[in-house]
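What follows is a set of notes on a single structure, which appears directly below.
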Amino acid sequence: MQGTDVIIIGAGAAGLMCAFNAARRGRRVTLLDHANKPGKKILMSGGGRCNFTNLYTEPGNFLSHNPHFCKSALARYTQRDFLELVGKHGVPWHEKKLGQLFCDNKSSDILDMLLAECDVSGVDLRLETRIDSIEAENGGYRLRTSAGPFACGSLVIATGGLSIPTLGATGLGHQVARQFGHNVWPTRAGLVPFTLTDPQLKALCGELSGTSLDCLAQCNGQSFRENLLFTHRGLSGPAMLQISSYWNPGDTLEIDLLPGRDALQWLQQQQVEHPAIELKTLLAEVFTRKMAGLLCEYWFESRPLKQYNLPQLRDIAQRLGAWRLIPAGTEGYRTAEVTLGGVDTREVSSKTMESQKSPGLYFIGEVLDVSGHLGGFNFQWAWASAHAAAQHV
Ligand code: FDA
């Protein structure tokens, strides 16, 4: 039996962060992961440049059944605190847009930084370790694993969400939560592209595949002004990923392809100013020529503007300014950046991340029912929740 103060399951963003912060407090920490490498999602993140935090992180950037839960941890370990760590390691970074901070070089700069901190603080990292069972025993926890039995006083679950199983995601964290009497909110894929079944719409998106444009996407009272990307499978790009977290099967999406302008007013004005111009030519001024041509092939008939009456202009304006569609679904956990739902935060301390059902058991990171918007918020939640637990384990 290998005894230690703290065992953390999951050597991802939250697990690594918690491990060295607890070890710095003099705790003996063992970090277990079933994968052959730590931090695989960190390496894949931000298109290989890890969008590691967001300058404008605030509780409103997170979805949860218990929206107040994230406030305390986010306030006690902020984006500035993480930037200080990044600065200490000399990792070069830049702001891309909207407060999103990325590495100048590679995501591995962030992983190497976390591993270096674990190394100097004496964290015992064990990879390729399967967890077979967990039991509460003598005021602590006893684990059976493929590397033998372990015992610890504090057990931290940092196994993340269900997104991208090929990167090591499993439902272990949710299982452990249920085993110790926790409620787990139903999970679904978030920050994920939409799929379509309507053959005509699918064909249009396929032909436009690779085209990206500014839009305003709305669903269930939420809206995001960002880029939309047409793909062979359907609709992607930041606007679609963001709104996907608010979408449930069967819900209608509304997309304004002319954000910032009143589509009908604009068409009427163009009709007065350029009565002889063809609709296709006019649309090519705001979209690509190819897109304008395809919209006129699939949605509208292209004629000189003077030939449209008001109801016809209204129809065109409706399509462009408030395109309504019901996606068939999403690409699911195969490509989702996050998992919505998870361990019910009403049964976890917002100060320490400790279970209110089983003392000495902690949940941090994405396994909890806290999911961020796109833009570095999910990592900031991993850092902040991990730091909170690390002060208490
Ligand atoms: P994380 O998933 O990082 O770690 C969980 C660890 O637990 C893994 O190492 C896994 O192997 C291990 N584990 C799971 N099951 C286990 C088991 N049964 N036994 C042992 N170990 C087990 N966010 C952001 O803010 N900015 C970004 O740029 C991106 N980009 C991005 C790209 C892609 C492709 C994805 C999939 C996700 C992102 N994200 C992101 C989201 C971000 O990666 C995610 O929210 C955090 O990694 C969550 O950190 P955790 O530590 O909670 O889980």
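Please pick out the residue among GLY26, GLY39, GLY15 that is on the phi > 0 side of the Ramachandran plot, touching a Gly at 6+ places or on another chain (Cβ under 8 Å) and in the same structural domain as PHE363 (by TED's automatic domain parsing).
The conditions single out GLY39.
In the range 87-97, is there at least one residue being within 13 Å of the ligand (Cβ to nearest atom), touching a residue at least 12 places away in the same chain (Cβ under 8 Å) and in a loop (DSSP other than H, G, I, E, B)?
The answer is yes, given that some residue of the range 87-97 is within 13 Å of the ligand (Cβ to nearest atom), touching a residue at least 12 places away in the same chain (Cβ under 8 Å) and in a loop (DSSP other than H, G, I, E, B).
Name the single residue, out of those in the range 43-53 being surrounded by fewer than 23 Cβ atoms within 10 Å (Cβ to Cβ) and hydrophobic (A, V, I, L, M, F, W, C), that is farthest from the ligand (Cβ to nearest atom).
This residue is LEU43.
Return yes when ALA322 is within 16 Å of the ligand (Cβ to nearest atom) and either aliphatic (A, V, I, L, M) or not assigned by TED's automatic domain parsing to the domain that holds THR166 (or both) and no when it is not.
For ALA322, the condition - within 16 Å of the ligand (Cβ to nearest atom) and either aliphatic (A, V, I, L, M) or not assigned by TED's automatic domain parsing to the domain that holds THR166 (or both) - is not met.
Condition first: surrounded by 15 or more Cβ atoms within 10 Å (Cβ to Cβ), touching a Pro at 6+ places or on another chain (Cβ under 7 Å), assigned by TED's automatic domain parsing to the domain that holds ASN51 and not β-branched (Val, Ile, Thr). Can you find one or more residues in the range 120-131 that meet it?
So far as the range 120-131 goes, yes, one or more of its residues are surrounded by 15 or more Cβ atoms within 10 Å (Cβ to Cβ), touching a Pro at 6+ places or on another chain (Cβ under 7 Å), assigned by TED's automatic domain parsing to the domain that holds ASN51 and not β-branched (Val, Ile, Thr).
Can you tell me which residue among LYS88, LYS71 is more than 19 Å from SER371 (Cα to Cα), at pLDDT 95 or above and of a type in the set (Lys, Arg)?
LYS88
Look at the range 5-37 and say how many of its residues are near the ligand (Cβ under 6 Å from one of its atoms), outside any strand (DSSP E or B) and in contact with a Leu (Cβ under 7 Å, 6 or more places away or on another chain).
Counting residues in the range 5-37 that are near the ligand (Cβ under 6 Å from one of its atoms), outside any strand (DSSP E or B) and in contact with a Leu (Cβ under 7 Å, 6 or more places away or on another chain) gives 4.
Scan the range 350-393 for residues that are part of a loop (DSSP other than H, G, I, E, B), farther than 22 Å from TYR246 by Cβ and touching a strand residue (DSSP E or B) at 6+ places or on another chain (Cβ under 8 Å) and jot them down. Break it down into steps so the answer makes sense when it comes.
Residues of the range 350-393 part of a loop (DSSP other than H, G, I, E, B): 350-353, 356-360, 364, 369-370, 373-376, 391-393.
Going one step further and asking which of them are farther than 22 Å from TYR246 by Cβ, we end up with 350-353, 356-360, 364, 391-393.
Within the range 350-393, THR352, MET353, GLN356, SER358, GLY360, ILE364, HIS392, VAL393 qualify.
Within the range 339-370, can you find the residues that are within 11 Å of the ligand (Cβ to nearest atom) and among the charged types (D, E, K, R)?
GLU366 - this is the single residue of the range 339-370 that is within 11 Å of the ligand (Cβ to nearest atom) and among the charged types (D, E, K, R).
Residue by residue, here is whether (1) over 14 Å from ILE7 (Cβ atoms); (2) touching an Asp or Glu at 6+ places or on another chain (Cβ under 7 Å); (3) polar (S, T, N, Q) holds:
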| position | (1), (2), (3) |
| --- | --- |
| THR145 | no, yes, yes |
| GLY153 | no, yes, no |
| ILE157 | no, no, no |
| GLY160 | yes, yes, no |
| ALA169 | yes, no, no |
| VAL176 | no, no, no |
| TRP185 | yes, yes, no |
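The values are calculated or read from the model by the stated rules, or taken from the named source; none is laboratory data. The structure presented is a predicted model; accordingly, all values stated were derived computationally and were not measured. Neighbour counts run over all protein chains shown; Cβ positions are idealised from the backbone, glycine included.
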